[in-house]
Structures are given as C-alpha cells and as structure tokens.
Amino acid sequence: MSASLVLVVVMAVMYAAGVYVMLERSLTRVLIGFLLVGNATNLLIFIMSGRPGSAPIVTGTASDEAMADPVPQVLMLTAIVINFGITALLLALIYRSWWLAQLGDEGDIVTDEHAEETTELTEETFRSSTEDEEAIQAALDASEHEDEAEGAQAP
C-alpha cells in the first residue's frame with residue numbers, strides 16, 4: 001500500500017506544530033503540544049499499518065492473505081490510553097498551578113489567625129519520637145516477659 005501524501009503531510013505538520021508548542025513555558029501549551037504529538041503518532045501508526053483487509057478473526061472463511069494485521073490496531077489503542085493518562089496528569093498539574101496562582105504570595109502557608117489554633121492542636125495530638133521509641137521498647141519488653149512466663153509454665 002502506498003501512503004497517501006496528504007496523510008503524510010498532515011502527520012508531519014502535526015508533529016512539527018506539537019513539538020513547537022511543547023517548547024513554550026505555559027502548561028496549557030505543553031498539553032496542546034502533547035495532544036498534537038499523540039494524534040500525529042496515531043496517524044503514523046495508521047499510515048504504516050498496511051493495506052486494509054478483513055477482520056483478524058479466524059473463522060475458516062477468510063484466507064490469511066486477506067486479513068488485516070491486528071498489531072497496529074493494538075498499538076493505536078495503547079497510544080490512545082497512554083495519551084489519555086498523560087493528558088489527565090497534565091490537566092491536574094495545570095489545575096494545581098492555577099490554584100496556587102490564585103492564592104497569591106501566601107500559597108499553602110497558614111495565616112497568623114489560624115497559627116495559634118494549629119499549634120495547640122499539634123502539641124496535643126502529636127508525640128515526640130523519643131516517646132514513640134519508649135513505647136515500642138516497653139511493648140517489646142512486655143512481650144518478652146509474657147514469652148518467658150509461658151515458657152516456664154509449659155513443662
């Protein structure tokens with residue numbers, strides 16, 4: 001099968017535009033560029049897949065020569081799923097970036113109004129690491145004493 005020149009030109013333009021747009025600083029433009037490159041890749045796989053044929057299901061009625069190759073179809077489906085996953089990730093990054101930009105200079109920092117409430121909460125809620133280590137050691141000692149007591153009662 002000879003590839004259509006129009007499809008090859010469209011694919012090349014999509015790759016070029018996608019790479020050019022991805023080189024910008026804006027995350028939205030990176031997303032648009034990634035979508036263009038992903039669709040150009042699907043078009044490349046479609047162009048290189050070969051001639052059309054019958055469905056690749058062996059029923060005993062079609063010869064092997066008339067069947068289409070299923071591997072390019074599987075590659076296109078895989079590329080679509082990967083493109084969707086990366087798009088979702090980039091959309092989440094864009095939303096988080098927008099959210100932080102809306103907060104301004106303070107970002108995720110807690111203001112002074114809430115600082116007193118949070119310090120009281122953390123002092124009551126959290127223990128130091130030395131207290132945790134002492135509690136773990138006490139539990140280990142207690143389990144050793146229980147094992148010794150069970151061992152003495154067993155004979």
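Here is how the numbers come out for the structure above:
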| read-out | value |
| --- | --- |
| Estimated inter-spin distance, Arg29 and Thr130, nm [label 7 Å along Cα→Cβ] | 5.6 nm |
| In order through segment 21-27: 3J(HN,Hα) via Karplus (6.51 cos²θ - 1.76 cosθ + 1.60), integer Hz, x for Gly, Pro | 6, 5, 7, 7, 7, 6, 5 |
| Full-stretch length increase - Leu103, Ala3 - with 0.36 nm per residue and alpha-carbon distance subtracted | 30.8 nm |
| Stretch gain in nm, segment Met67-Ala142, where the contour uses 0.36 nm per residue and the Cα spacing is subtracted | 19.8 nm |
| Rg to Rh, two decimals, where segment 1-54 supplies the alpha carbon set and Rh follows Kirkwood | 1.12 |
| Under Karplus coefficients 6.51, -1.76 and 1.60, residue-wise ³J(HN,Hα) of segment 85-97 in Hz, glycine/proline x | x, 5, 5, 4, 4, 5, 5, 5, 5, 5, 5, 5, 5 |
| Label-point separation in nm, Arg96 to Ile82, each point 7 Å along Cα→Cβ | 2.3 nm |
| Residues whose placed amide H lies under 5 Å from that of Met67, excluding near-sequence neighbours | Ser54 |
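Coordinate-derived values only; no laboratory data. This structure is a prediction, so every number in the text was calculated from the model and none was measured. Please note: Cβ atoms are built from the backbone with ideal geometry, for glycine as well, and neighbour counts cover all protein chains shown.
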